[in-house]
Amino acid sequence: MSDAALSHFGAEYARHRESEGRDYSGDDLLALPYLRNGPLAHQWAVRARSFEAFLGRVVGPETARLGRPLTILDLGAGNGWLSYRLALLGHRTVALDIRADSVDGLGAAEALVQRASAKMECVRASFDAIPIEPDSVDIALFNASLHYSTDLEHTLGQAVQTVRRGGKVVVLDSPFYRRERDGLAMVTEKKAQADLQFGQRADALLALPFVEFLTRERLNAASAELNLRWRRRRVRYPLWYELRPIRAALLRQRAPSRFDLWIGERQ
């Protein structure tokens, strides 16, 4: 994928995110993921549960195991809210993203870096070419981002090489489907509704061949040569989210995705 194609996608994506009202600043930025008001508050309620699961099931146990603060690579960090939260807990974080805009890219993250007591840094790069020293981080976290890969095996391989042996590669807030056909149906729906959802940006936002979704089988196949052993940890989400499969079944719709926590240990 060319740098020009990524840059064009990033610019159009930033404009789309701004139109959705995701250009957080001030108290709203500092509050993430615990945003209580606004049209996107219900989405952040889901992400808050994911974040808490990540803290409780990965960060806490790894900190106890190693007996020290962690170094965490935040892949697809956006405005850096997650890196900032971890820095406040005493960990060293590297927020990596291809976007530097001030909507919800690394430009917005600068406000958080200044408050993070030198424990947070930003790196503008693709997670298909991660400019981080091998064996230098304890956790490489795909933060609502792995479904934007165009080559799962390559992307995971880039992440794995940054992680120390015994460390973790974690997938957070990417759509997983139990069945491949449900994920493919989602992609078909997205393309059919693109003009309505994205308007004049539709072509640009759909131009790159992202994988769009994950399944256990896709993840295992992409990791077969990477010495990663995956575990799924179910996250308990708000009731409205947990009821989605029932609603879909009653309406004879495809099964919805889940955003659970997937933890890969580097052997």
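Odds and ends about this structure:
- Once the 1.4 Å probe is applied to the protein heavy atoms, segment 170-267 comes out at 59 Å² accessible per residue.
- Segment 202-267 - percent of accessible surface contributed by carbon and sulfur, probe 1.4 Å: 52
- Dividing the summed -39500 (n - 2.57) terms of all DSSP H runs of n ≥ 4 by the residue count of the chain sets its mean residue ellipticity at 222 nm at -11500 deg cm²/dmol.
- In plain terms, the chain from residue 37 to residue 88 could stretch by 16.0 nm, reckoned as 0.36 nm per residue minus the Cα-Cα distance.
- Where segment 27-134 is the region considered: accessible area per residue in Å², 1.4 Å probe: 43
- Alpha carbon centroid spacing (whole Å) that separates segment 56-75 from segment 199-267: 24
- Backbone HN-Hα couplings from phi across segment 243-251 [Karplus 6.51/-1.76/1.60, Hz, Gly and Pro as x]: 8, 4, x, 5, 4, 4, 5, 5, 8
- Calculated FRET efficiency, residue 129 to residue 55, Cβ-Cβ distance, R0 = 22 Å: about 0.15 to the nearest 0.05.
- A protection proxy built from the mean count of other Cβ atoms within 10 Å ranks the segments 90-98, 153-161, 179-187, most packed first, as 90-98, 153-161, 179-187.
- With each label modelled as a point 7 angstrom along the Cα→C-beta vector, the residue 3-residue 192 pair spans 4.0 nm.
- Relative protection proxy for 246-253, 233-240, from highest mean packing down: 233-240, 246-253 (other beta-carbon atoms within 10 angstrom).
- Segment 171-267: equivalent-ellipsoid semi-axes (sqrt of 5 x gyration tensor eigenvalues, Cα, Å): 26, 20, 12
- Sequence-distant residues sharing a close amide H with residue 215 (under 5 Å, placed H): 177
- Against the compact-protein benchmark of 2.2 N^0.38 Å, the Cα-based radius of gyration of segment 1-137 scales to 1.07.
- Relative frequency of Cα-Cα separations exceeding 25 Å in the chain, percent: 44
- Diffusion coefficient, µm² s⁻¹, Stokes-Einstein with Kirkwood Rh over alpha-carbon pairs of segment 96-179 at 37 °C and 0.692 mPa s: 235
- Extending 7 Å from the Cα toward the beta-carbon at both residue 150 and residue 181 defines two label points whose distance is 3.1 nm.
- Accessible surface of segment 16-104, 1.4 Å probe, proportion on carbon and sulfur as whole %: 49
The values are calculated or read from the model by the stated rules, or taken from the named source; none is laboratory data. As the structure is a prediction and not an experimental result, all values here were calculated from the model. Positions of Cβ are backbone-derived with ideal geometry, glycine not excepted, and every protein chain shown enters the neighbour counts. Surface areas here come from the heavy atoms of the whole protein model, side chains and all, with no ligands, DNA or RNA. Shrake-Rupley method; radii C 1.70, N 1.55, O 1.52, S 1.80 Å.
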